1. If a residue must be over 27 Å from the mean Cα position of the chain (by Cα) and either touching a residue at least 12 places away in the same chain (Cβ under 8 Å) or within 18 Å of residue 48 (Cβ to Cβ) (or both), how many such residues does region 1-35 contain?
2. Looking at the structure I just gave you, is residue 127 surrounded by 18 or more Cβ atoms within 10 Å (Cβ to Cβ), out of contact with any helix residue (DSSP H, G or I) (no Cβ under 7 Å at 6 or more places or on another chain) and more than 20 Å from residue 55 (Cα to Cα)?
3. Could you figure out which of (1) at pLDDT below 95; (2) touching a strand residue (DSSP E or B) at 6+ places or on another chain (Cβ under 8 Å); (3) under 16 Å from residue 152 (Cα atoms) isn't true of residue 137?
4. When residues of region 130-162 are filtered for being out of contact with any helix residue (DSSP H, G or I) (no Cβ under 8 Å at 6 or more places or on another chain), closer than 17 Å to residue 114 by Cα and assigned to a helix (DSSP H, G or I), how many remain?
5. From the list 81, 101, 33, 61, exactly one residue is assigned by TED's automatic domain parsing to the domain that holds residue 151 and in a loop (DSSP other than H, G, I, E, B). Which is it?
6. Any idea which of 25, 67, 50 is in contact with a strand residue (DSSP E or B) (Cβ under 7 Å, 6 or more places away or on another chain) and not assigned by TED's automatic domain parsing to the domain that holds residue 138?
7. Only residues that are closer than 20 Å to residue 120 by Cβ and touching a helix residue (DSSP H, G or I) at 6+ places or on another chain (Cβ under 7 Å): list them for region 60-69, please.
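The values are calculated or read from the model by the stated rules, or taken from the named source; none is laboratory data. Since the structure is predicted, the reported quantities are computational estimates derived from the model, not experimental observations. Glycine gets a Cβ as well: all are built from the backbone with ideal geometry, and neighbour counts include every protein chain shown.
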């Protein structure tokens, strides 16, 4: 009985104040809608929160380049080579760093228009991002090792807006 009550406190009562406005807003929008009958709860979660499946090949295919970079630039080739070796956790950190969310949009990462811009020549600066524009500003690092080091530092120490 204690475990059941404690679980209820953690999962329901402790977030009731925050969840109630969302719940009432959702009911307001879907009250007379067939949305509630057409979709299962997991499908509604996908619509609201996005996909947890991360196909970075899709992201690479959909990416755009600016500031002198092209898909054939050595730094860009090194960049994608590094990203493809990332663990799922590192990929989520990268997405959070560049977009503010660690999930793929509806339709997958092919729908995410990541813009990678050249941010000057090789430097000791870290990559930076503009989450509102899904833009990554990437210095033209002279080696793949330096790119990996700077990118890892940037994504591991990024502070965002907490959109998940």
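1. Residues meeting the conditions: 7.
2. No: the conditions fail for residue 127.
3. Just one mismatch for residue 137, condition (1).
4. Total meeting the criteria: 2.
5. On inspection, the qualifying residue turns out to be 101.
6. Sole residue among the options that is in contact with a strand residue (DSSP E or B) (Cβ under 7 Å, 6 or more places away or on another chain) and not assigned by TED's automatic domain parsing to the domain that holds residue 138: 50.
7. Once the filter is applied, which keeps residues that are closer than 20 Å to residue 120 by Cβ and touching a helix residue (DSSP H, G or I) at 6+ places or on another chain (Cβ under 7 Å), region 60-69 yields 65, 69.
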